[in-house]
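Note sheet for the following structure.
The values are calculated or read from the model by the stated rules, or taken from the named source; none is laboratory data. None of the values given here were measured: they were computed from a predicted structure. Here the Cβ positions follow ideal geometry from the backbone for every residue, glycine too, while neighbour counts run over all protein chains shown. In case anyone asks, the SASA skips ligands and DNA or RNA and just uses the protein heavy atoms, side chains included. Shrake-Rupley method; radii C 1.70, N 1.55, O 1.52, S 1.80 Å.
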Amino acid sequence: MKFNSPVQQTGTELVTELLTNPAAQADPYSTYQRMHAFGPAITGPDGELVIIGYRLADGALRDTRLPKQVGEMLVRMGYTNWRERPSLRLFFTSLGHLNPPEHTRLRRLVAGAFNARRVAALRPAVEQTVADALDRLSGECCFVDEFAYPVPVTVIGELLGIPSADRPMFQTLVRDWTGVVNAQDPATVEKADSAAVVIRDYLDDMAAHRRAHPRDDLISALVAPADGNPGLSAEEVTVMAGLLWAAGFETTTGLLANGLVALLDHPDQADRLRSEDGLVGPAVEELLRFDTPLQFLFARTAAEDMVVAGQPIAAGQRTMLVLGAANRDPEVFDEPDRLRLDRNGESPMSFGGGMHYCLGAALARLEAHVAFPALLRAFPKLALAGPGERRPGLALHGYVRLPISA
Ligand code: HEM
């Protein structure tokens, strides 16, 4: 596809570029910069409202008149039998795509495991996991394979109770399965289906085993909830475990790799993080903002004619919330394209907001708080050893390969 020169592009053309041009997806920030000139929202090529302003995105995330409507979205894409496609069923029937009351019921069952107190208690285990991964880093290697993937996988794997010997195979399986965030592409969905069958069958077997032989892990808690809770059906357990397993590392792997690239591109900022203990909190927020691991959210659809933060949205209009663009909104972030680790303003929108606010936010933050300073201090000469390879697509924004020399 040929695009007009930047000065001639309309907002809709910019959205099309973002959705179709792999180069714009790998580095979307100059496109966002141009999109912000059109205000907080742009009408996309299919009439959807593409929300790029921070305040509008924040309002939309919290507005219950914008429920998720994934079924309609998939049918419109041509998947009339989407519940019979293993990848679509496993992904789109999960917590993140449900509305109340199902969402409320399921979220309540798992929320406790990820609250601030339970997560804080995991710090020694996270520190040990990071130390083990640092011991394995040496010479030239791939940062994703040796650190950004194994650290979060070990943490969520331990929590769920996935045996360590089984974890490596999920790197490709989960990447292929979560390709369904680009469900427009039938080949991607074919590949995702094959991966989803393996993941689903594995988790079904594991849940059955834990039902018979409970242990002190989250899958055992899901199959036998305490306190008189009605519990989950067998399929709900598998879908929940699949979501926690995938969400537990896919995005955190992105944060660790994107964050490392940002730090190595800004050596003065990396040096500050090496030496200033108090900087890690705001620094991780800034890394989450600067190169957002989940760039956009889809499927929220207006249930009625409405106005959110001054923006009219028509009944039935679909929205696409571009978190990565909201995080670079010049009305909210001073010099939004600069990395400033001591920035202390609005929280980044990287974990969403409202009822679907990321369940694992405290856990992801803990992993990053431990990992970045330890990494920089252990390897003062850490450098990129070649260009990284971005994960294809825009939604899950990270790397599949990142050569470094430690
Ligand atoms: C840097 C890492 C992470 C990022 C950027 C991230 C981002 C997000 C975002 C933006 C949402 C909201 C989705 C929406 O509103 O449609 C979300 C939801 C969710 N996240 Fe995360 N996440 C991360 C790590 C984790 C981890 C470690 C877990 C582990 C349990 C997790 C579990 C979930 C779950 C279960 C939901 C669905 C919550 C609901 O719908 O109620 N995430 N995440």
Members of the range 350-406 found to be free of Cβ contacts under 8 Å to residues at least 60 places away in the same chain and part of a strand (DSSP E or B), listed by number
389
Can you tell me which of 280, 261 is open to solvent by 10 Å² or more (accessible area, probe 1.4 Å), part of a helix (DSSP H, G or I) and within 18 Å of residue 337 (Cα to Cα)?
261
Among the helices (runs of 4 or more DSSP H) confined wholly to the range 1-96, which include 2 or more residues that are under 30 Å from residue 241 (Cα atoms)?
22-26, 54-62, 70-76, 86-92
Does residue 270 satisfy the criteria of being assigned to a helix (DSSP H, G or I) and either within 16 Å of the ligand (Cβ to nearest atom) or hydroxyl-bearing (Ser, Thr, Tyr) (or both)?
no
Between residues in the range 235-247 that are under 11 Å from residue 110 (Cβ atoms) and residues that are of a type in the set (Ser, Thr, Tyr) and assigned to a helix (DSSP H, G or I), which pairs lie under 7 Å by C-beta distance while being six or more apart or on different chains?
none
As an exercise: evaluate residue 37 against (1) modelled with pLDDT of 95 or more; (2) under 30 Å from residue 193 (Cα atoms); (3) open to solvent by 20 Å² or more (accessible area, probe 1.4 Å) and give the number of the one condition it does not meet.
(2)
Would a scan of the range 127-135 turn up a residue that is part of a loop (DSSP other than H, G, I, E, B) and open to solvent by 20 Å² or more (accessible area, probe 1.4 Å)?
no
Checking 345, 310, 354 in turn, the sole residue that is surrounded by fewer than 22 Cβ atoms within 10 Å (Cβ to Cβ) and within 11 Å of the ligand (Cβ to nearest atom) turns out to be 354
Starting from the range 169-195, take each residue that is open to solvent by 70 Å² or more (accessible area, probe 1.4 Å) and list its partners that are β-branched (Val, Ile, Thr) and in a helix (DSSP H, G or I), counting only C-beta distances under 9 angstrom and pairs at least six apart or across chains.
169/198
Scanning for something under 23 Å from residue 195 (Cα atoms) and at pLDDT 95 or above, does the range 123-131 turn up at least one residue?
no
Residues to consider are 105, 83; find the one that is within 12 Å of the ligand (Cβ to nearest atom), basic (Lys, Arg) and either free of Cβ contacts under 8 Å to residues at least 40 places away in the same chain or surrounded by fewer than 18 Cβ atoms within 10 Å (Cβ to Cβ) (or both).
105
Assess whether residue 365 counts as being modelled with pLDDT of 95 or more, more than 11 Å from the ligand (Cβ to nearest atom) and open to solvent by 10 Å² or more (accessible area, probe 1.4 Å).
no
Of the numbered conditions (1) within 12 Å of the ligand (Cβ to nearest atom); (2) out of contact with any helix residue (DSSP H, G or I) (no Cβ under 6 Å at 6 or more places or on another chain); (3) polar (S, T, N, Q), residue 292 satisfies every one except a single condition; which is it?
(2)
Looking for whichever is in contact (Cβ under 8 Å) with a residue 24 or more places away in the chain, of a type in the set (Gly, Ala, Ser), more than 27 Å from residue 371 (Cβ to Cβ) and within 15 Å of the ligand (Cβ to nearest atom) here; the options are 125, 120, 111, 60. Which one fits?
60
Is it fair to say residue 294 is open to solvent by less than 10 Å² (accessible area, probe 1.4 Å) and either more than 25 Å from the chain's Cα centre (by Cα) or among the hydrophobic types (A, V, I, L, M, F, W, C) (or both)?
no
